[in-house]
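**Q** Structure in structure tokens, see below.
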Protein chains: 2
Amino acid sequence: MKLPAKVRIVDVGPRDGLQNEKTLLPAAVKIELIERLADAGVAAVEATSFVSPKWVPQMADAGEVLRAVMTSPRRHAGVAYPVLTPNLQGFDSAVAAGAKEVAIFAAASESFSQKNINCSIGESLKRFQPVLARAQLLGIPVRGYVSCVAGCPYEGEVAPAQVAAVARELFVMGCYEISLGDTIGIGTPASIQRMLAACAGAVPIDYLAGHYHDTYGMAIANVYASLELGMATFDAAVAGLGGCPYAAGASGNVATEDLVHLLHGLDIETGVDMDRLLDAGSFILAHLQREPLSKAARALLAARHARH
Amino acid sequence: MKLPAKVRIVDVGPRDGLQNEKTLLPAAVKIELIERLADAGVAAVEATSFVSPKWVPQMADAGEVLRAVMTSPRRHAGVAYPVLTPNLQGFDSAVAAGAKEVAIFAAASESFSQKNINCSIGESLKRFQPVLARAQLLGIPVRGYVSCVAGCPYEGEVAPAQVAAVARELFVMGCYEISLGDTIGIGTPASIQRMLAACAGAVPIDYLAGHYHDTYGMAIANVYASLELGMATFDAAVAGLGGCPYAAGASGNVATEDLVHLLHGLDIETGVDMDRLLDAGSFILAHLQREPLSKAARALLAARHARH
């Protein structure tokens, strides 16, 4: 099995990573984090989320953050700065703040959909139709997320065919890429490959991305198993930001540093400069007063420290 | 590629894990840890090391620990309790304390061999000959370690052919199994597979074990890549005990909990009861006043806590 020569990395740290953080950060810190990640060379930085501040207080400054990033002289032409837009209101606010790419999210599990966004999977997809229609009119690409692709905190197992059906639906609705989220990090290489095989039968694998949480320490192995099937886009969060809301003290997103370390070790091109990535991670961790959850970051920073 | 149906796990926590710990633990704690690991169902527990207490103060009680374990009513007939014996003196002390299996260690890198045990690889192998001869006379199986199989802290890259040559030498000398140690955790699935392919050309893969450190968070992916080549024995340390002596604050051995989580997720039999394994980890961490380095342990313990 030939692994891809090149991988696109989407750093979701500023959104998926920070949204569960209790420490409310100033907008300036978030802006600096986003710019440092873009400087480090990731293909995309998910900048923020236009959700109700009632639900996610950390994202109350979404407009301010996005506007600053999109008008900054540091903005990279080659980097995408997608933002999460759960509905038309969020979409309009995002566009007003300068969004050039947005993301929507559905679940592969009915129970999770009900508990997380208060409606069935079918209803949630219907709600996204006007967002997709308006985005198409404005020429704004839409990324689609599917959560619970390897299991659900309420239902347990989720059938690969069910994941594939939701992914297919988002693709047909017009999403340019479908990010498959192992929200609770329960997947192992075998279940991830089974799920991917089903999805790749519904949506060409070039349009699929892996979004794996490292709750049980399996994410890097799951990325490797996905590379074996030809997947070439992965989401990650710098420093492993964002814990797992379903298990306090446990990890959330796979750390971008671990992902980059794996890919470079496999001679796969990412465009990422590890040193700059480590700097971006150290920057945000200093503000959160926390150690990195990334083992690669810990080891590389320890080595850097020993050199000086 | 068909993965093995069954995997043997060697928990090296009481030896490789504890030897770098600064907190000196009482023998009773080490004995209890070893017995809990055997109760949890691992195939082997590396119990201690008969080295000079001048070099490894934590192992000064090797005789006491091994004697207690080997004469305990809790001793499991099906579990091996190997101990490290660097020379004939250590071997004799180990046998006097009841050892039924021992282990010796060589390096795949000349610089590492010189810095770690003060002699060349060739000299180190020569030194082990009398140990192997006496072990053979007594019918005591000897396990061989090769360190630096994916890279050396002093030399950088280590050629797979060099690793294979040392593994072959140990095999020919009479070691019943060769454990291939990625001492600095620098391997990624591609380099590990290249190294394993070379070794499997020199020693049948059934006689090889993977001993991967998780310094950069790659160990679980490396285990998966090794399973793909048919490897079916892996070393690990409960709770990820033992940091990396070459990078303070970084991880050492892959955590047994992460390994078991991976294997069970792949429907591979291990004989290990995860709940008992978690208990063994919690027991030793309480004595070290430390959180687990194992992500699987963190997530599973958080879930257990939430249930009660």
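Every number in this text was worked out from the coordinates using simple rules, so none of it is lab data. A quick note: this is a predicted structure, and the numbers were derived from the prediction, not measured. In this analysis, Cβ positions are derived from the backbone assuming ideal geometry, glycine residues included, and neighbour counts consider all displayed protein chains.
**Q** Looking at (1) more than 9 Å from every other protein chain (Cβ to nearest Cβ); (2) more than 23 Å from residue B:18 (Cα to Cα); (3) under 19 Å from the mean Cα position of the chain (by Cα), which is the one condition that is false for residue B:229?
**A** Among (1) more than 9 Å from every other protein chain (Cβ to nearest Cβ); (2) more than 23 Å from residue B:18 (Cα to Cα); (3) under 19 Å from the mean Cα position of the chain (by Cα), the lone unmet condition for residue B:229 is (3).
**Q** Considering the stretch A:163-195 alone, what residues qualify as being away from chain B (no Cβ under 14 Å) and either in contact with a Lys or Arg (Cβ under 6 Å, 6 or more places away or on another chain) or crowded, with 20+ Cβ neighbours inside 10 Å (or both)? Before the answer, list the steps.
**A** Initial filter on the stretch A:163-195 (away from chain B (no Cβ under 14 Å)): A:163-181.
A:163, A:164, A:166, A:167, A:169, A:170, A:175, A:177, A:178, A:179, A:180, A:181 - these are the residues of the stretch A:163-195 that are away from chain B (no Cβ under 14 Å) and either in contact with a Lys or Arg (Cβ under 6 Å, 6 or more places away or on another chain) or crowded, with 20+ Cβ neighbours inside 10 Å (or both).
**Q** On to the next question. Return the pair list, or none, for Cβ contacts closer than 9 Å from residues in the stretch B:84-100 that are under 13 Å from residue B:134 (Cα atoms) to residues that are acidic (Asp, Glu), at least 6 apart or on different chains.
**A** Note: pairs meeting the criteria are B:85/B:92.
**Q** Tell me which residues, restricted to the stretch B:62-118, are touching a Leu at 6+ places or on another chain (Cβ under 9 Å), surrounded by 22 or more Cβ atoms within 10 Å (Cβ to Cβ) and assigned to a loop (DSSP other than H, G, I, E, B).
**A** Listed by number, the residues that qualify are B:81, B:99, B:108.
**Q** Condition first: part of a loop (DSSP other than H, G, I, E, B) and either among the hydroxyl-bearing types (Ser, Thr, Tyr) or more than 22 Å from residue B:96 (Cα to Cα) (or both). Now tell me which residues in the stretch B:26-52 satisfy that.
**A** Once the filter is applied, which keeps residues that are part of a loop (DSSP other than H, G, I, E, B) and either among the hydroxyl-bearing types (Ser, Thr, Tyr) or more than 22 Å from residue B:96 (Cα to Cα) (or both), the stretch B:26-52 yields B:41, B:42, B:43, B:52.
**Q** Residue pairs, Cβ under 9 Å, 6 or more apart or interchain, first in the stretch A:177-195 and under 20 Å from residue B:299 (Cβ atoms), second basic (Lys, Arg). List them.
**A** From the stretch A:177-195, the pairs are A:185/B:295.
**Q** Now a separate question. Please pick out the residue among A:268, A:284 that is under 30 Å from residue B:194 (Cβ atoms) and either more than 10 Å from chain B (Cβ to nearest Cβ) or touching a strand residue (DSSP E or B) at 6+ places or on another chain (Cβ under 7 Å) (or both).
**A** Values: A:284 fails: under 30 Å from residue B:194 (Cβ atoms).
Within the list A:268, A:284, the selection yields A:268.
**Q** State whether the residues of the stretch A:196-212 include one that is free of Cβ contacts under 8 Å to residues at least 12 places away in the same chain, closer than 26 Å to residue A:48 by Cβ, among the small types (Gly, Ala, Ser) and more than 14 Å from chain B (Cβ to nearest Cβ).
**A** Within the stretch A:196-212, none of the residues are free of Cβ contacts under 8 Å to residues at least 12 places away in the same chain, closer than 26 Å to residue A:48 by Cβ, among the small types (Gly, Ala, Ser) and more than 14 Å from chain B (Cβ to nearest Cβ).
**Q** If you take the residues in the stretch A:196-224 that are within 19 Å of residue A:261 (Cα to Cα) and among the β-branched types (Val, Ile, Thr), which one is surrounded by the fewest Cβ atoms within 10 Å (Cβ to Cβ)?
**A** A:223
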